[in-house]
Amino acid sequence: METRTLGRTGLSVSKLGYGGSPLGNEFGDADPSEGERAVHCAIDLGINYFDVAPYYGRTLAETRLGEALAGRRDKVILATKCGRYDVNGFDFSSARIRRSIDESLSRLRTDYLDVFLAHDIEFVTEQQIVEEAIPTMRALQREGKARFIGITGLQLNLLRRVAEAAPVDIILSYCRHNLLITDLDDLLTPFVKERGIGLINASPLHMGMLTTTGPPPWHPAPEQVKDAGRAVVELCASRGVRASDLALQFAFAHPYVSTTLAGMPTVEQVRQNVAAASSQMDGVLLAEVLALIAPYKNRSWPTGLPENHDA
């Protein structure tokens, strides 16, 4: 598995990262035993970056990942988050962040995190993130509970503004660089590259849209974009290619993103994704796909976002 350096952190991360949200049943019920086998398989095949959050499964994903990593903690770069705890449950206060990291450490069965991220920062004020959340996270970093800290969110300009006001080590962006949308490079990539901030890309399958099972019911994209996703899956299938493989390969080709996170709660999915990571992308098929989705490109958002999206 190819590894890349995550910004200026010095962390060498696998280009394919393990997204832990499916372990918390975020995309349907996951077999916990199979999930544990999937984690072990991922480690054996060279995946070393594991991302989770207390929000995923309302702590279930952290608990399951912690169980799966027993005896293997030293083989992974472990990341979790703070601030989001339910669909509409957000608390970025200093006291809650301090409780949150201790709770996560307990569930993950470790005494430190490699990466600690403020989760979905667009749902509270910028002022609280800049003046309270990030300073608290920096304090926890100095105390040795987290090696590096950062922020996550959907709104790219907001991520940039916050990182300008309160420097961070890492930014995780989701659903902004995949076959259906590429505005990550317009709004964020030049900034993080200049500052040496590590960049992580999540949801390369557009939160399930570029899969045979399709997006979950709660997916906020417009119906015509979901139709485009289904058309991509059908086109790839007609060429004997999994749309998820092409989507991952497209994401891996980004020149600055260090790791791309994908949920893979089964051994089969791990093996498929690792195989995609080591295979050549079909350039002819990619051109066909991009032509097919051109009318819908970069139109997945702001549906479902707060009104101040990318303001």
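Numbers for the structure displayed
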read-out	value
Y174 long-range amide H proximity, modeled H, under 5 Å	G153, A202
Dipole moment magnitude, nearest 20 debye, the chain about Cα centre, only Lys, Arg, Asp, Glu C-beta charged	580
Estimated D of the range 200-243 in µm² per second, where Rh is the Kirkwood radius over Cα pairs and Stokes-Einstein applies at 25 °C, 0.890 mPa s	229
Within a Gaussian network of the chain (alpha carbon springs, distance under 10 Å), most fluctuating of A146, A166, A79	A166
Among beta bridges that DSSP assigns inside the range 2-101, antiparallel share in %, nearest 5	45
Nearest-20 debye value, the range 1-158 charge dipole, Cβ charges on Lys, Arg, Asp, Glu	520
³J(HN,Hα), Karplus 6.51/-1.76/1.60, whole Hz, each residue of the range 97-105, x for Gly, Pro	4, 5, 5, 4, 5, 5, 5, 5, 4
Options A253, A294, P217, ranked by Cα towards positive dipole end of the chain, top entry (Cβ charges)	A253
Within the range 194-278: Cβ-based charge dipole about Cα centre, in debye rounded to nearest 20 (Lys, Arg +1; Asp, Glu -1)	100
Considering only the chain, percent of DSSP beta bridges that pair antiparallel, nearest 5	15
Lysine pair count for the chain [Cα-Cα under 23 Å; pairs on different chains or 8 or more apart]	7
Solvent-accessible surface ranking, highest first, for K81, K145, K226 at 1.4 angstrom	K145, K226, K81
Gyration tensor (Cα) of the range 1-129, equivalent ellipsoid semi-axes in angstrom	24, 18, 13
Zero-based 10 Å bins, Cα pair distances in the range 182-277, whole percents	15, 43, 33, 9, 0
Phi to ³J(HN,Hα) by Karplus 6.51 cos²θ - 1.76 cosθ + 1.60 over the range 79-93, Hz, x for Gly, Pro	10, 9, 9, 8, x, 10, 10, 7, 3, 10, x, 10, 8, 9, 5
Derived scalar couplings ³J(HN,Hα) [the range 4-19; Karplus, 6.51 cos²θ - 1.76 cosθ + 1.60; whole Hz; x for Gly, Pro]	9, 7, 8, x, 9, 6, x, 5, 9, 10, 5, 5, 9, x, 8, x
Counted charge near L285, where neighbours are those whose Cβ lies closer than 15 Å (Asp, Glu -1; Lys, Arg +1)	-2
Over the range 92-190, volume per residue of the alpha carbon convex hull, in Å³	104
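The values are calculated or read from the model by the stated rules, or taken from the named source; none is laboratory data. Bear in mind that the values here come from a model prediction, so they are computed numbers and not experimental data. With ideal geometry, Cβ positions are generated from the backbone for all residues, glycine too; neighbour counts draw on all protein chains shown. Surface accessibility is based on the protein's heavy atoms, side chains included, excluding ligands, DNA and RNA. Shrake-Rupley method; radii C 1.70, N 1.55, O 1.52, S 1.80 Å.
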